[in-house]
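Notes to accompany the following structure.
Taken together, the values in this text are just the output of simple stated rules run on the coordinates, not laboratory data. Please read these numbers as outputs of a predicted model, since none were measured by experiment. Positions of Cβ are generated from backbone atoms using ideal geometry, with glycine treated the same way; all protein chains shown enter the neighbour counts.
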Amino acid sequence: MDKAWIIARRELASFFDSLMAYILLILFLGFSGLFTWILGSDVFFINQASLQAFFSVAYWSLFFFIPALTMRLLAEENKSGTIELLLTRPISDWQVINGKFMGTLLLIIIALAFTIPYYITVANIGNIDHGSVISGYLGLILMSAAYISIGLFASSISNNQIVGFLLSLSIGILFHIIFGVLAGSFNGWLSHVFNYLSLSNHFESMARGVIDTRDIIYFLSIIFIGLISTEAVLKRKRM
Amino acid sequence: MDIKVENLSKLYGSQKAVDDISFVVKTGEILGFLGPNGAGKTTTMKAITTFLKPDSGKIFIGNINAIDSPQEVKKKIGYLPENNPLYSDMAVIDYLRFVAALNGVAKQKIDERVLEMVNVCGLKGEKHKKIEELSKGYQQRVGLAQALIHDPEILVLDEPTTGLDPNQIIEIRELIKRIGRSKTVILSSHILAEVEATCDRIMIINKGKIVANGTAAELRKHSQGNDLIIAEIEGNVSRDQFYTALAELPHVEMVDFLSDSGNKFEIQSTNMSATKHDIFDLCVKNKWYLVQLTPIETKLEDIFRELTLN
């Protein structure tokens, strides 16, 4: 774990060095601020002390931002050959992947931490349901983690960052929209399967304040499968 | 710590990149790994550093099997990969700290080691610069510094001097020689002079097979072909007469004019020392002046060409 943490710190530092982190923070806070306070069905429009508006904006903006963050994680290393330096150091493939995962997740958590003032402000205007806010934030973190692990996998496949970006966005769209749509257009057990696979269902119930172990297991499985597949790709490349 | 490679093979598709090679490198030895491009040098090195998994064969670092326990082996190896990949967006000193931490250098020793490497590799003035801002020579030094940072017992350097200017090449060679006294070093190159100047032993590999293995002197001895002598003679006869006189000597296979005018000849002989004496005696007998008599060693280039061109 210690070694993975070294990788995570480097990744996080490199997000800030390359301005990527600042661009993400500005865009994310700009969008979520705009839609939470000023535009559309904002807090004042729905006249309720809740962060529902913020959660649904964050749900969409993170979906687009995360592939942009993850696309270079392994593609760049594959291309420049630094992957060889990394994997010939006394560190396992799994630690490398884990470190990159944690570094990116940390950046998302930092971005989310900057939105805590929204929570404090709304809590001061009216009676907010603290439980649903906490479970909503947890949902956002779990969703981000799932997309980061998908993004890592997409990035490991080729040494082209654009391929990494598009692939992770395409896999993401399956979970974000398509499984949900398919669930509606089938009946019986197939509908149940797609319903379970649809990420939006799991996220929405968490954003409403329901923490169900089934949702947690769902997110953790995506994360785990993503990371395991990335490890398999790395192994395969060295055969 | 020795490196022992036994019957190593590696296939890319149906092509054999490395074909059943075995060799040993002893502690304190610098092994020069020579071969044309695509001969299997890099693949062998990647297998030793555990980056690539060989299809068959064994690799031992000391007594540790590199294929069964890669994590143990990786701690002992410092590696400079081909083309010297680096995180170009990092500052030199941050990068070295990062690699030191990855290599498991104790926290309180990291700064000390980084500083030492900065001094050893001559990076003092550049340590706060970003790697991408450095010239190729300095980048190469950073690559060497990261390979040495954990004071590994084994060094694997894949073409350590590509892209350097002659002064830098000499500096890096000196550095490798100095470090190599106490470590086991494998370095690959296709520059023959470099290998000859730096290495204790030379191994030539072609099409995945070892075609020669020994010191430079041993390789010369084994190579076929005649010895070459350059002779320059002055006297009161025409150059054609020198030519015929030289050509008639025993053991001489061929005589060539080295320039259009002047009396400089290249003489191929089957017996170097006899011919040297014969030429001297010939000149004494005819009262010619022998101005130059230079035995030319078989060049490593020729051995290399002979072994790798089929």
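If a paramagnetic tag sat 7 Å from the Cα of B:N7 along the Cα-Cβ line, which residues of segment B:51-95 would have the backbone N under 20 Å from that point?
B:53-69
What are the semi-axes of the equivalent ellipsoid of the protein assembly as shown, taken as the square roots of 5 times the eigenvalues of the Cα gyration tensor, listed largest first and rounded to whole Å?
Working through the eigenvalues yields semi-axes of 67, 23, 20 Å.
Quick check: residue separation of A:H130 and A:L19 times 0.36 nm, minus the Cα distance between them. What number comes out in nm?
Working it through step by step, the gained length comes to 36.6 nm.
For chain B, what relative contact order do you get, as a whole percent, if you take Cα pairs closer than 8 Å and at least 6 residues apart?
Relative contact order for chain B comes out at 20 percent.
If you take the C-alpha gyration tensor of chain A, multiply each eigenvalue by 5 and take the square root, what semi-axes do you get, largest first, in whole Å? Present the calculation step by step, with values, prior to reporting the outcome.
Values: eigenvalues 203, 97, 46 Å².
Equivalent ellipsoid of chain A: 32, 22, 15 Å, largest first.
On a 28 Å Cα-Cα criterion, which of the cross-link pairs A:K100/B:K58; A:K79/A:K100; B:K10/B:K136; A:K237/B:K75 come out too long?
Numbers: A:K100/B:K58 32 Å; A:K79/A:K100 17 Å; B:K10/B:K136 32 Å; A:K237/B:K75 22 Å.
Cα-Cα > 28 Å for A:K100/B:K58; B:K10/B:K136; rest within.
How large are Rg and Dmax for segment B:1-109 when only the alpha carbon atoms are used, in Å?
Rg then Dmax for segment B:1-109, in Å: 15.6, 49.
Return the distance in nm (one decimal) between the two label points of a simple spin-label model at B:I230 and B:D89, each offset 7 Å from Cα along Cα→Cβ.
5.4
Would you calculate, for chain B, the mean residue ellipticity at 222 nm contributed by helices, counting each DSSP H stretch of 4 or more residues as -39,500 (n - 2.57) and dividing by all residues, to the nearest 500?
Rounded to the nearest 500, it is -11000 deg cm²/dmol.
Fully extended, how many nm does the chain gain between B:E306 and B:D55 (0.36 nm per residue separation, minus their Cα-Cα distance)?
87.4 nm
Take peptide A:14-25, look around each residue's Cβ out to 10 angstrom, count Cβ atoms belonging to other protein chains, and average those counts.
On the way: counts 3, 0, 0, 6, 1, 0, 0, 0, 0, 0, 0, 0.
The mean count of partner-chain Cβ atoms within 10 Å per residue comes to 1.
Starting from the 7 Å offset along Cα-to-Cβ, what nm value, one decimal, do you get for the label separation of A:I38 and A:I26?
1.5
Got the relative contact order for segment B:223-305 handy, in percent, Cα pairs under 8 Å and 6 or more residues apart?
On the way: 129 pairs, mean separation 35.9, N = 83.
In percent, rounded to a whole number, it is 43.
I'd like to compare B:29-35, B:268-274, B:18-24: which one has the highest average count of other Cβ atoms within 10 Å, and what's the full order after that?
B:29-35, B:18-24, B:268-274
Please compute the average number of Cβ atoms from other chains found within 10 Å of each residue's Cβ in peptide B:81-89.
Neighbouring Cβ atoms belonging to other protein chains average 5 per residue here.
By how many degrees, 0 to 90 and rounded to 10, does the Cα axis of helix A:213-237 deviate from the longest principal axis of chain A?
The angle comes out at about 20 degrees.
Could you give the dipole magnitude of segment B:1-157 about its Cα centre, charging the beta-carbon of Lys and Arg +1 and that of Asp and Glu -1, in debye to the nearest 20?
It works out to roughly 140 debye.
For a protection proxy built on the mean count of beta-carbon atoms within 10 angstrom, sort B:206-215, A:150-159, A:72-81 highest first, please.
A:150-159, A:72-81, B:206-215
So, R0 is 56 Å and r is the distance between the beta-carbons of B:E248 and B:K107; what FRET efficiency does that work out to, to 0.05?
0.10
For labels at A:R208 and A:I46 in the simple 7 Å Cα→Cβ model, what's the distance in nm?
Computed distance between label sites A:R208 and A:I46 equals 1.2 nm.
Could you work out the pair-distance distribution P(r) of chain B from its alpha-carbon pairs, with 20 angstrom bin width and percents rounded to whole numbers?
Final binned percentages: 29, 43, 23, 6.
Going by amide H atoms built from the backbone, whose H comes under 5 Å of the H on B:I296, apart from near neighbours?
Sorted by chain and number, the residues that satisfy this are B:L228, B:I229, B:I230.
For chain B, set up a GNM with springs between Cα atoms under 10 Å and report which of B:R178, B:R220, B:R239 has the largest fluctuation.
Taking springs between Cα atoms under 10 Å, the residue moving most is B:R239.
Tell me, what is the FRET efficiency for B:E174 and A:A123 to the nearest 0.05, using R0 = 56 angstrom and their Cβ-Cβ distance as r?
Rounded to the nearest 0.05, the efficiency is 0.25.
Taking every pair of alpha-carbon atoms in segment B:40-188, give the share separated by more than 20 Å as a whole percent.
48
Calculate log10 I(q)/I(0) of segment B:13-56 for q = 0.17 Å⁻¹, where I(q) comes from the Debye formula with a single equal point scatterer on each Cα and nothing for solvent.
Taking Cα atoms of segment B:13-56 as identical point scatterers yields -0.54.
Please list B:253-264, B:1-12 highest first by mean number of surrounding beta-carbon atoms within 10 Å per residue.
Answer by packing, highest mean first, reads B:1-12, B:253-264.
Ratio of Rg to Rh for segment A:116-239, alpha carbon only, Kirkwood?
Looking at segment A:116-239, the ratio lands at 1.07.
Averaged across B:42-54, how many Cβ atoms of other chains sit within 10 Å of each residue's Cβ atom?
2
GNM on chain A, C-alpha springs below 10 Å: top fluctuator among A:F64, A:F186, A:F28?
Maximum fluctuation in the GNM of chain A, among the listed residues, is at A:F186.
Going toward the positive end of the dipole of chain A, with +1 on Lys and Arg Cβ and -1 on Asp and Glu Cβ, which of A:I83, A:G33, A:A146 do you reach last?
Looking along the dipole axis, the top candidate is A:I83.
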